[in-house]
Each structure stands twice: as structure tokens, then as C-alpha cells.
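Some notes on the structure that comes next.
Bear in mind that the values in this text are calculations on the coordinates, not laboratory data. Small disclaimer: the values here were computed from a predicted structure and weren't measured. We place every Cβ from the backbone using ideal geometry, glycine too, and count neighbours over all the protein chains shown.
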Amino acid sequence: MLRPIIVVCGIVLAAIGGVIAYRAIFLEPSAAFVISNEGVRELPNTFRILEGIALLIVGAVVAFFAAVRRGKAS
């Protein structure tokens, strides 16, 4: 009974992490600007990208290990 709930929670956690990482990389404004002689460069919010990728990995691992049936050790 508890296994499907953990699998769904892991999938939801991974999806949230993926959305956070995607938004930090592509959609939301950058965290900093670098102005040099060549022009202006935008730097993405690295902390939010790492946070999203970490949530994605943790959620996928939780869902995977909850879904895999392990035999009893004898």
C-alpha cells in the first residue's frame, strides 16, 4: 500500500526539480550580467539550476528504488 504512494511522490519530486531547472536555465531572468569590452553577457542562476537538478535526481532515485522489488535476504 505504501509503495505506490512513494513511487508517485518520487515522480512528483522529480517533475518539480525538472521544472525548477528548466525555468532557471531558459525562462527566468538571469542572476547576473557581465559587462566587458566584447558586450554584455547574462549568467544564469546557478544555485537554482543545481537545486532543480538535485531534486530531479533525488526524486528519480526514490521512485526507482520504491518501484524495484527486492528479494528477501536469507
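When the helices in the chain are scored as -39500 (n - 2.57) per DSSP H run of 4 or longer and the sum is shared across all residues, what 222 nm value do you end up with, to the nearest 500 deg cm²/dmol? Don't skip to the end; give the middle numbers.
Numbers: 2 runs with 43 residues, N = 74.
It comes out at -20000 deg cm²/dmol, rounded to the nearest 500.
Take each of the peptides 36-46, 22-32, average the number of other beta-carbon atoms within 10 Å over its residues, and list them starting from the highest.
Working: 36-46: 9.8, 22-32: 12.5.
Averaged packing, sorted descending, gives the order 22-32, 36-46.
Using the Kirkwood radius over Cα pairs, work out the Stokes-Einstein diffusion coefficient for the chain at 4 °C and 1.567 mPa s, in µm²/s as a whole number.
Working: Rh = 14.3 Å.
For these conditions, the coefficient is 91 µm²/s.
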